[in-house]
1. When you look at residue B:443, is it among the polar types (S, T, N, Q) and more than 9 Å from chain A (Cβ to nearest Cβ), yes or no?
2. Quick check on the range B:285-295. Is at least one of its residues among the charged types (D, E, K, R), at pLDDT 90 or above and not in a loop (DSSP other than H, G, I, E, B)?
3. State whether the residues of the range B:412-430 include one that is among the hydrophobic types (A, V, I, L, M, F, W, C) and over 30 Å from residue A:133 (Cβ atoms).
4. Among B:402, B:347, which is part of a helix (DSSP H, G or I) and more than 14 Å from chain A (Cβ to nearest Cβ)?
5. Assess whether residue B:169 counts as being closer than 22 Å to residue B:477 by Cα and surrounded by 20 or more Cβ atoms within 10 Å (Cβ to Cβ).
6. Testing residue B:140 on (1) touching a Pro at 6+ places or on another chain (Cβ under 8 Å); (2) part of a loop (DSSP other than H, G, I, E, B); (3) β-branched (Val, Ile, Thr), one condition comes back false. Which one is that?
7. Please go through the range A:75-109 and give me each residue that is open to solvent by 50 Å² or more (accessible area, probe 1.4 Å) and of a type outside the set (A, V, I, L, M, F, W, C), ordered by number.
8. Which of the numbered conditions does residue B:427 fail, given that it passes all the others? Conditions: (1) buried (at least 18 other Cβ atoms within 10 Å of the Cβ); (2) in contact with a Phe, Trp or Tyr (Cβ under 9 Å, 6 or more places away or on another chain); (3) within 11 Å of chain A (Cβ to nearest Cβ).
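The values are calculated or read from the model by the stated rules, or taken from the named source; none is laboratory data. Note that the coordinates shown come from a computational prediction; the quantities given were computed from them, not determined experimentally. Positions of Cβ are backbone-derived with ideal geometry, glycine not excepted, and every protein chain shown enters the neighbour counts. Each accessible area value is taken on the protein alone, full model and side chains, heavy atoms only, with ligands, DNA and RNA left out. Shrake-Rupley method; radii C 1.70, N 1.55, O 1.52, S 1.80 Å.
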Amino acid sequence: MKTFPLFNKSSAFDGIYLVFMLSRLQMLYYMLIMPTILVDPYMIWVIILVGAVSQLILIMISKWFSSEFAAKGYLGFVELFGERTVRILAFLGLGLILLKLSVHLLGYVEIVHQFIFFSMKPSWLIFFVLLISCYIASKGVENTIRYSVIAFLCTIWMLFLFIPFYTPPIAFLHDLYPLIPTEWSGQSWRGLLLIMASFSGAEYVLFLSPWFKRDKKTVKYFSVANGITIFEYVFLFIASLLFYGANYLSKSSYPLVNMVRYLQSPLFERIDMIVIAMFLIHFSFAIGLLLLLLYGGVRIAGGNQNQPTRIGFAACAIVVFITMIIMNELLWKDHSRQTKLIDLQMWIGAATYLLVPVVLLAALKRKGRT
Amino acid sequence: MFKKKGNDGNKSIENQPLKNNGTTITSDALKRHLANMDDAEFIERTTDKEQKIMFVYIRTLIDHERFNESIIQPLMHHSCDLIYECITTSKVSEINTMEEALSQLLQGSILINDPIRNQWWAVLLQNPLARGIETSETETILYGSKDSFSEVLEQNITMIRRRLPIAELKTEKFTVGSLSKSTVVLMYIDGLTNPEFIAIAREKIKQINYDMFLDSSQVATFMEEHHNSVFPQFQQTDRPDVCAYSLGLGKITILVGNTPFALNAPVTFFHLFQSPEDYINRWIVASFLRSLRYISFLLSLILIPMYVALTTHHYQMIPLQLLFVLLESRGKLPFTPFWESFLILGVMEIIKEASLRMPTKSSQTLGVIGGIVIGQAAVQAGFASQVLIVLMGISAIASFLVPNYLMTKANTLIQLMILILSSLLGIFGIVLGLIALLIHLNSLTSLKQPYLAPLTPFYWKDWMDLFIRGPLVNMKSRPEHLRPLKKWRYSQRR
């Protein structure tokens with residue numbers, strides 16, 4: 001039987017790939033709904049503040065990257081926690097990955113459905129997005145990591161589309177006031193949580209540490225990625241504030257996408273359709289990566305030490321597809337349930353981003369003492 | 001004077017299996033092996049010293065004039081003791097086994113028997129049957145050298161050696177094909193090319209096990225790692241300057257006997273967009289032209305699918321003025337945009353293929369018929385819209401901007417795939433198709449090296465010669481993704 005080299009390692013990647021990967025993992029569905037939830041201009045400072053917290057977390061993650069356990073991969077985790085604990089944690093992780101995957105996948109599909117294909121059944125869109133993500137994942141971890149370069153370069157240019165919103169007559173400076181909070185509401189807390197969850201993603205990258213060189217510059221690369229993300233969040237949030245104003249911002253479900261609809265071009269009337277379709281490049285990367293982690297997690301949780309198989313991976317992808325269809329029908333289509341699901345992922349995303357590196361670092365310290 | 005012995009006397013042994021491994025050479029054994037070969041000749045001649053010498057050769061493979069001048073004449077009036085000393089040609093070798101004898105015969109050698117010493121000699125006198133050095137037809141350029149490879153392997157090696165007159169330029173010879181016995185020559189610059197590439201290529205050539213190789217592309221097929229891809233994983237070229245440049249960068253070159261196309265590897269997707277003229281033009285002009293090629297490639301892929309996507313799914317994307325033009329043009333068509341495009345694309349491919357297969361003069365007529373008559377007639381008959389014909393024309397011309405013809409061919413199939421996706425999913429389908437293409441390219445390798453380098457793996461220093469062609473004075477180092485042993489292109493780093 002022909003081998004399925006899903007988790008092969010032929011060479012170690014440079015830290016620059018961490019920049020591309022992390023930067024794209026932090027620019028998913030939450031980034032698109034961020035202005036609707038943040039609303040108030042003073043949340044710019046919150047983005048920067050949470051960005052600083054994210055930087056501290058990334059320093060912790062980079063410490064993990066430089067440890068000898070990171071290079072060992074699964075065996076490194078077993079040495080730290082023991083096999084039984086690793087299997088239990090992997091089992092718990094499956095739920096977390098599935099939740100993250102569902103929110104980003106269903107969120108993106110909803111945008112495509114709303115702006116490009118209103119007449120098409122979302123199930124078909126879920127199928128096609130998952131299909132292309134599975135294709136990326138089926139090429140293995142190495143190719144998926146390399147694909148992050150393409151994902152980054154094919155989507156980073158979209159920022160330039162928002163420059164016109166900074167220029168008059170659309171932009172009014174007073175839309176950026178007040179910059180100092182006069183009150184702190186429950187919605188503000190929700191915004192803070194959303195930003196934290198948006199910054200998450202590196203806690204999944206750390207499981208790919210065996211594929212990277214043990215480099216002292218890891219923290220530098222993480223910092224660059226984090227810096228790019230902070231800039232993108234702030235840039236896009238300010239653009240949406242200047243365009244809508246704080247009062248009207250909460251009324252739009254996808255403010256950033258709607259802003260692109262206003263852009264004019266001599267060739268195309270609706271640039272937003274192209275932009276949304278192009279988003280698939282980095283959504284498919286993120287979903288492909290999560291699929292790989294999910295399949296890896298299933299194998300660890302099931303205690304499977306054999307080579308990965310095509311049938312196993314296909315079965316995993318089919319289960320994900322069925323789960324997504326069910327979640328879409330039961331949870332996503334109903335607005336209140338959708339909000340609850342998004343909120344749940346916000347809490348879990350923020351918590352895992354904070355806790356996973358802390359737990360790993362604590363385990364490293366403990367192991368160092370013993 | 002010559003006594004022709006013929007070769008049809010041993011009919012009783014015709015059907016016997018040929019066993020030639022290591023057996024002693026005798027004229028009888030040779031006759032057995034060459035039975036039923038009309039062009040195999042055995043002649044015996046008596047010299048002035050009354051010495052009988054036997055010559056064995058295959059008439060169609062040898063140069064008769066040189067045979068007369070450098071073998072017959074000197075031997076006729078020889079004053080030397082040894083036959084070997086009389087022969088006035090340099091390629092003389094002693095042969096001891098039947099296997100060697102047959103191999104030499106089939107290469108165009110004349111076997112000479114020295115009866116005194118009971119020794120056989122092989123004198124290589126190949127028939128110089130070859131066309132001259134001509135201009136490349138597949139990779140034409142305005143400026144730069146005009147010569148191209150021919151079917152003569154030695155001549156091809158000479159053309160490269162003249163461009164790289166260095167002792168480090170190594171050539172390793174292999175024979176592949178149980179029937180064709182094709183000679184494959186692996187060329188590289190020792191101390192510059194990464195030894196890993198050489199070892200992989202050497203190993204892959206040795207592993208080739210097939211009967212016949214009529215072209216270098218067939219050798220490439222056996223060396224490729226991804227057989228089901230439409231993309232060439234070896235750069236096939238008939239230009240010696242391209243080979244010399246590739247060798248200088250740290251690649252390997254493979255030459256195959258009886259074919260004018262050499263193979264360069266490892267190749268990347270971006271190498272296929274580079275033309276020799278890029279390094280002759282001013283860097284700004286070259287960069288512009290190279291960028292134009294990439295844009296044209298993309299246009300040729302998505303222009304028709306875009307038309308189908310917009311007219312089928314996304315009318316709202318078309319500006320109002322353009323929409324009026326389109327409605328007028330498509331108003332009376334009986335086909336959906338997909339079928340309209342599919343049919344015209346099919347006709348276009350038929351015309352392209354026919355123009356390649358027909359004689360040059362006929363193909364010009366065909367171009368006129370195809371381009372004007374069919375195009376105009378299709379519109380008037382109501383089979384296609386004028387907009388589509390215009391887009392089809394642009395798309396077809398754009399596809400030919402890629403210097404590599406194999407890439408142009410791949411282009412059509414990809415376009416068809418994206419066309420189907422665009423009819424199903426519109427813009428989303430086009431992006432889906434392009435992503436699938438990028439994923440496929442990302443997973444391809446050439447000599448086990450990534451096909452999308454230096455984009456992914458990311459080597460930003462190599463970007464100087466990627467989408468643009470930077471000034472040569474600034475391109476101080478060789479491409480990092482080829483991992484050459486000598487990094488700098490200057491003999492002394494400035």
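1. Considered against the rule, which asks whether it is among the polar types (S, T, N, Q) and more than 9 Å from chain A (Cβ to nearest Cβ), residue B:443 comes out as no.
2. yes
3. no
4. Exactly one residue qualifies, and that residue is B:347.
5. Yes; evaluated as a whole, the condition is true for this residue.
6. Exception for residue B:140: condition (1).
7. A:79, A:83, A:84, A:85, A:87
8. Among (1) buried (at least 18 other Cβ atoms within 10 Å of the Cβ); (2) in contact with a Phe, Trp or Tyr (Cβ under 9 Å, 6 or more places away or on another chain); (3) within 11 Å of chain A (Cβ to nearest Cβ), residue B:427 violates only (2).
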